[in-house]
Amino acid sequence: MFIGRTQELEHLNKLYRSSRFQMAVIYGRRRIGKTRMIQEFIKDKKAIYMMGIESSLSANLELFSRSVYHTFLSEEDTAVMPPFASLSAIFQYITQKAAGEKIVLVIDEYPYLAQADRSLSSLLQNLIDREWKQMNLMVILCGSSMSFMENQVLGYQSPLYGRRTAQFRLEALDYYESGQFVPHYTAEEKAAVYGLTGGVPQYLEMIDDSMTLKENVMELYLNPHAYLYEEPSSLLKQEMREPATYNAIIEAIARGAVRLNEIATKVSLETSNVSACLKALISLGLVEKECAITEEDNKKKTRYHLADQMFRFWYRYIPQCMFLISSGKAEKAYDTIIKPDLQHYMGAIFEQMSIQHMQWLNCQGQLPFDILQLGRWWGNNPKAKRQEEIDILGVNLQEHRGIFGECKFRNEPLNSSVVQTLFERSELFAQFKEKNYIFYSKSGFSPDVAALRENDPSIRLVSLEEMYER
């Protein structure tokens, strides 16, 4: 069963239904589910699917030729047909076939094919401009190399610049879609799975909800041969020229360095060098740059966090567990290092889940007003002379309205003291003429908070179970 990517598939099908030429560019980090989504899209369509490989042009021509023949010829004829002599010959054959019927041409891992023949992008540009633009043909170019796809396909200097009719940068699935991979788990276990995998489809497919959460963690992380045991290192080696430097930066962020100068100090590099590395990590979706909402221009209120939950989980726990893992004591590693800290780790994950839920409420028109900005806020409280933080703040500055939120991933119900604290913090925003409040809690709400909600329509209460009820 295919899960997620509903909006992307709807848009791809809309492009397909058009009678005009279409070229969609799909890109995103490895493991994010690009190929699987494309396969779902073309399963009921006449399509040529070619996956480029990191090899010679002749090897790629062989694969491409077989893909083309497989679409138009019988298996017997395909087996005896010689490979096309060039990419130009392949495209001319496709042009002839597309003149009589609707065809989807998919080139997956486009950067590999483009590296095998550096004239590829110019060749496609010429074909699009001279022939394909007048045809009912749909082309999909897909790649995992983020920098290549953004610069060499979408960028101004690319021969293909301006030819694309749609682009899709695939991100990880959200908490709700991730939960659909483990339907037999409880809401709390589904949340933990999101915290372990970060919504990356390939990791989610490895979770077996007939096993306990502990068993899944041991199977995926706490074994020298486990798939995720060396995954961060593997990804960095594939994407970065100097993986050791990027590893050090990620480790510094994982250990609590959230500002540029703090990270630079931890890794003993100039801030300019660290800044360049952070930009690369941000483009891969591994790190995120966060600004306090409503204060995006204030550089002092900029923080860096690990955006990828798998990286966050790995750097938080696996280095501590390595000796026990190498000693064959995976269960002890889980019981003594991971399990006692897991609820604390999930606190930040739950904040992200709550923001996603609030985004969904906004899209569904289930909030008191349309919010135009959503995020977190932190800053100084001049009266109390201390720093304050607000877990969620959704604002419509045009209408001077705000929704203030608090998230608690605790074993006890959220009580009235939490509500009162948020009320007090919202007083820092005197410019808002209307204020509403939303509280998210793993363990529900105390009776006094429930009673307060009954008498105050500006308050909304959302339990973890409700977040999975759509």
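The values are calculated or read from the model by the stated rules, or taken from the named source; none is laboratory data. All figures in this text were calculated on a predicted structure; none of them were measured in a lab. Glycine gets a Cβ as well: all are built from the backbone with ideal geometry, and neighbour counts include every protein chain shown. SASA here: full protein model, heavy atoms, side chains in, ligands and nucleic acids out. Shrake-Rupley method; radii C 1.70, N 1.55, O 1.52, S 1.80 Å.
Assorted remarks:
- In segment 338-371, residue surrounded by the fewest Cβ atoms within 10 Å (Cβ to Cβ) [restricted to those that are closer than 18 Å to ARG255 by Cα and under 21 Å from the mean Cα position of the chain (by Cα)]: GLY347
So that you can scan it fast, the table gives a plain yes or no per residue for (1) open to solvent by 10 Å² or more (accessible area, probe 1.4 Å); (2) under 25 Å from TYR468 (Cβ atoms); (3) of a type outside the set (Val, Ile, Thr); (4) touching an Asp or Glu at 6+ places or on another chain (Cβ under 7 Å):
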{"residue": "VAL153", "(1), (2), (3), (4)": "no, no, no, no"}
{"residue": "PRO159", "(1), (2), (3), (4)": "yes, no, yes, no"}
{"residue": "THR186", "(1), (2), (3), (4)": "yes, yes, no, no"}
{"residue": "ALA191", "(1), (2), (3), (4)": "no, yes, yes, no"}
{"residue": "GLY199", "(1), (2), (3), (4)": "no, yes, yes, yes"}
{"residue": "GLN202", "(1), (2), (3), (4)": "yes, yes, yes, no"}
{"residue": "THR212", "(1), (2), (3), (4)": "yes, yes, no, no"}
{"residue": "TYR229", "(1), (2), (3), (4)": "yes, no, yes, no"}
{"residue": "ARG241", "(1), (2), (3), (4)": "yes, no, yes, no"}
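- Single residue of LYS279, LYS301 found to be within 20 Å of GLY405 (Cβ to Cβ) and at pLDDT below 95: LYS301
- Of the set (1) touching a residue at least 40 places away in the same chain (Cβ under 8 Å); (2) over 32 Å from the mean Cα position of the chain (by Cα), all apply to ILE103 but (2).
- Some residue of segment 264-277 being touching a Lys or Arg at 6+ places or on another chain (Cβ under 9 Å), open to solvent by less than 40 Å² (accessible area, probe 1.4 Å), closer than 28 Å to ASP174 by Cα and among the hydrophobic types (A, V, I, L, M, F, W, C): no
- Members of segment 453-470 found to be touching a Phe, Trp or Tyr at 6+ places or on another chain (Cβ under 9 Å) and at pLDDT below 95, listed by number: ARG453, ASP456, ARG470
Yes/no per residue for (1) modelled with pLDDT of 95 or more; (2) under 21 Å from the mean Cα position of the chain (by Cα):
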site: ASN151; (1), (2): no, yes
site: THR165; (1), (2): yes, no
site: GLY179; (1), (2): yes, yes
site: MET206; (1), (2): yes, yes
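- In summary, TRP377 fulfils each of the numbered conditions (1) open to solvent by 10 Å² or more (accessible area, probe 1.4 Å); (2) aromatic (Phe, Trp, Tyr); (3) under 30 Å from PHE181 (Cα atoms); (4) in a strand (DSSP E or B) with the single exception of condition (3).
Yes/no matrix, rows are residues, columns are (1) open to solvent by less than 20 Å² (accessible area, probe 1.4 Å); (2) of a type outside the set (Gly, Ala, Ser):
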{"residue": "PHE64", "(1), (2)": "yes, yes"}
{"residue": "SER74", "(1), (2)": "no, no"}
{"residue": "ASP77", "(1), (2)": "no, yes"}
{"residue": "ILE90", "(1), (2)": "yes, yes"}
{"residue": "GLN96", "(1), (2)": "no, yes"}
{"residue": "ALA99", "(1), (2)": "no, no"}
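- Residue pairs whose Cβ atoms lie under 9 Å apart, separated by 6 or more positions or on different chains, with the first residue in segment 381-403 and in contact (Cβ under 8 Å) with a residue 24 or more places away in the chain and the second among the charged types (D, E, K, R) and open to solvent by less than 20 Å² (accessible area, probe 1.4 Å), are ASN381/GLU388; ILE390/GLU406; ASP391/GLU406; ILE392/GLU406.
- Selection of segment 1-15 for residues being within 19 Å of ALA172 (Cα to Cα) and either in a strand (DSSP E or B) or open to solvent by less than 40 Å² (accessible area, probe 1.4 Å) (or both) yields ILE3, GLY4, ARG5, LEU9, LEU12.
- Scanning segment 444-467 for residues being closer than 18 Å to ILE392 by Cβ and not charged (D, E, K, R) gives a total of 9.
- Helices (runs of 4 or more DSSP H) (entirely within segment 266-372) containing at least 3 residues that are aliphatic (A, V, I, L, M): 271-283, 309-326, 342-363
- Filter result (open to solvent by 50 Å² or more (accessible area, probe 1.4 Å) and under 20 Å from CYS277 (Cα atoms)) within segment 313-337: none
- Meets criteria (under 21 Å from SER283 (Cβ atoms) and either surrounded by fewer than 23 Cβ atoms within 10 Å (Cβ to Cβ) or touching a residue at least 12 places away in the same chain (Cβ under 8 Å) (or both)) for MET218: no
- Residue satisfying condition, being charged (D, E, K, R) and surrounded by 19 or more Cβ atoms within 10 Å (Cβ to Cβ), within set ARG163, ARG118: ARG163
Yes/no per residue for (1) part of a helix (DSSP H, G or I); (2) more than 20 Å from THR35 (Cβ to Cβ); (3) not polar (S, T, N, Q):
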position: GLU76; (1), (2), (3): yes, yes, yes
position: PRO83; (1), (2), (3): no, yes, yes
position: GLU101; (1), (2), (3): no, yes, yes
position: ALA114; (1), (2), (3): yes, no, yes
position: SER121; (1), (2), (3): yes, yes, no
position: LEU141; (1), (2), (3): no, no, yes
position: PHE148; (1), (2), (3): yes, no, yes
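- Restricting attention to segment 16-42 and to residues that are surrounded by fewer than 21 Cβ atoms within 10 Å (Cβ to Cβ) and under 11 Å from the mean Cα position of the chain (by Cα), the residue that is farthest from GLY52 (Cα to Cα) turns out to be ARG31.
- Residue count for segment 51-74 satisfying the condition of being among the hydroxyl-bearing types (Ser, Thr, Tyr), part of a loop (DSSP other than H, G, I, E, B) and under 20 Å from ILE38 (Cα atoms): 0.
- Within segment 380-408, the set of residues being farther than 24 Å from SER446 by Cβ, open to solvent by 40 Å² or more (accessible area, probe 1.4 Å) and either in a strand (DSSP E or B) or not aliphatic (A, V, I, L, M) (or both) comprises ASN380, PRO382, LYS383, LYS385, ARG386, GLN387, GLN398, GLU399, HIS400, ARG401.
- Only listed residue being under 21 Å from VAL267 (Cα atoms), free of Cβ contacts under 8 Å to residues at least 24 places away in the same chain and touching a helix residue (DSSP H, G or I) at 6+ places or on another chain (Cβ under 9 Å), chosen from ALA226, ALA248: ALA248
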